[in-house]
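Single-structure report; data block below.
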Amino acid sequence: MRNHIFSIFRIMLIILLPLQLLADDSSKLSGKMGYLIDGLSSVKYKDARIAFDLWKIEVTKNNDIDVSIKYLDTEKEIIKGYKNSEFEYISINPFFYLKNSKLIDSLTQTCSITLEGDKEFEQYVLLVKDKNIKTLKDLRGKKIGIENDDYLAKIFLEYESLKKLSKNLKKSRYEIVKTKKKSTAILNTYFGKIDACVVPVSTYNLVQELNPSVSKKLRVLSVSKEIFMPLITFFHKDANKQFVDILINEINILPTTSQGQNILNLFKIKGVKEIECKKLEPLKTFYKKYELLKSSKK
Amino acid sequence: MRRIKLFSSFFQKIFVLISSTILILVLFSEYLILKSQEQSLVNVMYSKAITIAKAITLVTSDAMVTNDNSFIVEHLQKVIEDNDVIKYAIVTKAQYEDEIILVTQENWSLLSSLPLNIKNTHSETINSEKIKSRIVDEKVFHVSFPVVFTGIKWGWIDIGYSLDEYNNDLDFLYKSMLIILIVVLGISFLYSFFISKWIVNPILLINKAAHNVSIGKLDTKVEINSQDELGQLSNSFNHMTNTLKLSDERLRKSNEELEIRVQERTHELNQLNLDLDKKIQEEVSKQSQQEKMLIQQSRFAAMGEMIGNIAHQWRQPLNAMGLVIQNLELAYEMEMIDEKYINRVITKSNRLLGSMSQTIDDFRNFFKPNKKVEVFSIKSSIDISIDIIKNTLENNMINIIENIDEKLTIKGFPSEFSQVILNLLGNAKDALVENNDSNNREIIINVSKEGKDVLVKISDNAGGIPLNIIDDIFDPYFTTKEEGKGTGIGLYMSKMIIENNMDGSLLAKNENNGASFLIKMKINEEIL
C-alpha cells in the first residue's frame, strides 16, 4: 500500500513539474530596447532615463512582461546590437536610420514615430530676421542656428543650400550655431543674436503662440516637405509579435493616462504613433537626393 | 431639592456674561491668530518668491550682462513652467531699459516700459506687496528683486506670485477658524450653561425659599451643602427661618392672647357703651325735662310779664273805674243820681271794661303761637310788641325812637317775631333800668333794607354788654339778671326763632355806648 502511494506521488511529480516549468517560461514575455543617446535632441538623457523607468513600471504593471533598456552612445553599437538581435526594438534619431536604412528595414517588422506636433510628420522651416536676406544666397557668411542634435535640420539646410546655391560650397558657406534647444535658435534669431535658424514648424508655431510678435519679426525663407520626425522606433522582426503588440498598445494609450502624460512630457513629445514603415520612404528619398546633391557638388 | 425656574433673569445675565466674555476672548484670539497666520502666509509667499527670484538671478545674471534675451526668455519660461505659482516674471536690465522681458504662463513679450505700479516697486532693496496686476488682470503678490553683483546694479527681477495658494490657505484658515469658533461657541455655551447653573442654582434656591418665607411658609429650608459663602448664607437663612418661625409662633400666641383681651375689653366697652347710652339718654331726658321746665319757666315768666303788662294796661281803666265808683258814691250822697247819670256811668264803665277785655284779648293773641308761615309787615309786628311794653317803658322813662320802613315785609311767624322784638325790648329796658341812671334812656329801632335782606336793629344806650360775656349771651340758661328775674332762656329762644324758624340771623354787638341786636332776614318781595 505504502509503495503504491509512493508510486502515484512520483508519477504526479514527473507529470506536473515539467508542466509547471514550461508554463513559467512560456507566460513571461520579455524584450530589450536599445536607445541611442546621440540625437536625443532636446530630451535630456536624465529625463529620458526617468521617463523610460516610469514607462517600464507602467508597462509591467499592466502586462506580464519584462522590459529592459540599454542606453547606447554610438550609432555603431546600436546598429550592431539590432543586427545581432540583441534588441527587440531600438529608438534612434532618423538621421541614423537614413544612414543604415537598408539594414534596419531588413530587420524590422514594424515601426513607430514620435510626434512633436499635431501632424504625423514634421516640416522644417528656415527663418530669418534681416530683411536684406531674401534668398538662400543672402545667407552667405551668416550665422544659422540649429539645435545641437538636430541632424535632419542640418541636412535640410544643406539640401536647400546645395539645391539653390552655387557649386562652390566654400563660397556660400554659412556658420552653423548650435543651440541647446530648437526654441533657443528661434529666440536667438528673434533677438538678433544670429541671422537665421532651422527649426521644425511645430516648434516655430509654439514660439509664435507664446509671443505672436515673433512671426512679425521673423520671415520664413524656406519650408521642407512633411517628411520628418524627431525619433523612430523599430521593432525587430525576431521580436515576439505578442510582445510587440503589447508594447505598441501601451505606447498608444500613453496620452490617455496621467502617468502616460508625465512620461510624454519628460520626452517632450505629444505622443508615439505606429506607422507603416513604407511611410518613411519620402524621407529616404529626400536623403538620397541630398546624398546625390552633396556628391554632385563636391 | 425642589425644581426651580432656571431660566431666570439672573441666570440669563450670568449666562450672557460668561458666554459673551468667552466669545469676545475667542474672537480676539482668533483675530490675533488670523493676523499672525496671514502674516506667516505672506512671509512664506515672500520667502518662496525671493528664492525663485534669487534662482532666476543666479541663472540669468550672465545673460543680463551679455544681453542674452533668448536665454532669459527660455529660462523664465522654464521657471514659470516648473512653478505654476508664478503668474509672471519680468526681467528689467538696467542697461537696456527698453527691452523688458515679460514672461507669463501663456506667453512672453518684450516691453518698452513697465506698468507704473510695478515700476514704483523698483528700488535698491527688495520690495513686495499685493498689487492688482494689469499684466495678468488679477491680484498677485509682486516681488521686486534688484539684481546686484560685482557692486553694479544690473536690473530687476519682478515676480508676480500667485495669490491662489495664499487665498486658499487663507480661506482654509478662515473656515478652520469658523469651525473652531462654532465648536468653541458650542462648548462655551455648554460651559456657560453649567457654570451659570452652578452659580445661580443656590441663589435661586435661596430666592425661592425667601419668596416662600415672604408668603408665610416659614418651614422652608434651603439645602446647600457647600462650604462657601452660599453654604454659609444657606445656613444663616435656615437659622433665620427657624428664628422667624419661633417668633411667628410667639407672635401668634401673643396675638391670640391679645385678641382674647381685646374681646374682653370690647365686651367691657360695649357694656360701658350701653351704660353710657343709658346715661346719655338719661341726661338727654333730664336736659329735655330741664328745657321743658325752662320753657315752662319762660312761659311763666312770659305770663308774669303778660300779667304785669296787663296790670299796667288795666291800671288806668281800673283807676278810672275807681273814680267812677267814687263819683257814683258821691253822686248818691249828693243825690245827683238820675237815669242819665246812671246811663253815663254804665256807658263809661262798659267802655272801661271793654278796654280791659280788649287788653286781655290782645295779650292772648300775642302769645298765641302761629302755626303757619305768613307774610307780615315788620312795622305792624314791632308795633304790637311796643304796645305791649309801652307802658312799662314809659314808667321807666325810656324813650323809643323808631326809624322803620313801613313797606318792608317778611315771611315767617309774626307772633313769634313779635315775641323776639318784645324780648329784645324787654332786655333793653332791663339794661337801661339797671345801667343808665340818666334821664336819657333810649331804645332805637331801625328797620332798613340791605340788598335782598331786611335789617332790624334794636339799640340802647345802656353801656353795652360786657365783653367777657358777649359770646355767651345766646347760650341757654345764661343770664346776668338777679335770681328770679331772668331765666336765661329769652335770647336763646329768640335766636332759635330767628335762625331756625325764620331762616335769619341774630347777632349782638356793642356800639355807641350801648348794645345793638341785629336781626337779618330775607326780604319778602310780595306785596301785602
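Read the figures in this text as sums done on the coordinates, not as results from a lab. Since the model is a prediction, treat every value here as computed from it, not as a measurement. Cβ placement follows ideal geometry from the backbone for every residue including glycine, while neighbour counts extend to all protein chains displayed.
See the values below:
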quantity	calculated
Charge-dipole axis of region B:13-165 as Lys and Arg at +1 and Asp and Glu at -1 on Cβ define it, positive-most pick from B:80, B:127, B:56	B:127
Rg/Rg_globular for region B:36-86, with Rg_globular taken as 2.2 N^0.38 Å and Rg from C-alpha atoms	1.36
Approximate spin-label separation residue B:168-residue B:207, in nm, with each point projected 7 Å along Cα-to-Cβ	5.4
Neighbour-count order for B:314, B:156, fewest beta carbons within 10 angstrom listed first	B:314, B:156
Computed Rg/Rh of chain A, alpha carbon atoms with Kirkwood Rh	1.14
In region B:188-271, GluC sites (Glu not before Pro) in a DSSP loop with at most 13 other beta-carbon atoms within 10 Å	B:223
Scaled radius of gyration (Cα, divided by 2.2 N^0.38 Å) that the protein assembly as shown gives	2.73
Taking B:203, B:389 and counting other C-beta atoms within 10 Å, the order from fewest to most	B:203, B:389
Helical segments meeting 30 Å axial Cα length and Kyte-Doolittle -1.0 threshold in chain B (DSSP H)	B:9-66, B:164-214, B:229-333, B:339-367, B:414-435
Approximate shape of region A:34-184 as ellipsoid semi-axes (Cα gyration tensor, √5λ), whole Å, largest first	36, 18, 13
Ratio Rg/Rh, restricted to region A:124-227 and using Cα atoms, in which Rh is the Kirkwood radius	0.94
Neighbour-count ranking [beta-carbon atoms within 10 angstrom, fewest first] of A:76, A:142	A:76, A:142
For chain B, calculated [θ]222 nm from helices alone, where every DSSP H run of n ≥ 4 adds -39500 (n - 2.57)	-21000 deg cm²/dmol
Over region A:147-296: Kirkwood hydrodynamic radius from C-alpha pairwise inverse distances, Å	18.1
Extension gain from residue B:99 to residue B:81, taking 0.36 nm per residue of separation minus the Cα-Cα distance	4.3 nm
Over region B:9-186: Kirkwood hydrodynamic radius from C-alpha pairwise inverse distances, Å	18.4
Spatially proximal lysines relative to residue B:286 (Cα-Cα < 18 Å; intrachain offsets below 8 disregarded)	B:278
Compactness of region B:164-247 - radius of gyration and Dmax, Cα, Å	23.5, 81
Long-range Cα-Cα pairs in region B:379-441 (distance over 14 Å), rounded percent	58
Dipole magnitude of the protein assembly as shown about its Cα centre (Cβ charges: Lys, Arg +1; Asp, Glu -1), debye to nearest 20	8880
Within chain A, helix-based [θ] at 222 nm, where runs of 4 or more DSSP H residues each add -39,500 (n - 2.57), nearest 500	-14500 deg cm²/dmol
Region B:391-517: translational diffusion in µm²/s, Stokes-Einstein, Kirkwood Rh over Cα pairs, 25 °C, 0.890 mPa s	161
Mean Cα-pair separation over length for chain B, i.e. relative contact order, pairs under 8 Å, 6 or more apart, %	9
Relative contact order of chain A, defined on C-alpha pairs under 8 angstrom at six or more residues apart (%)	27
For chain B, alpha-carbon Rg relative to the globular expectation (2.2 N^0.38 Å, N residues)	2.77
Filter on A:163/A:278; A:76/A:297; A:83/A:237; B:93/B:153; A:83/A:270; A:182/A:284 - keep pairs with C-alpha separation over 18 Å	A:163/A:278; A:76/A:297; A:83/A:270; A:182/A:284
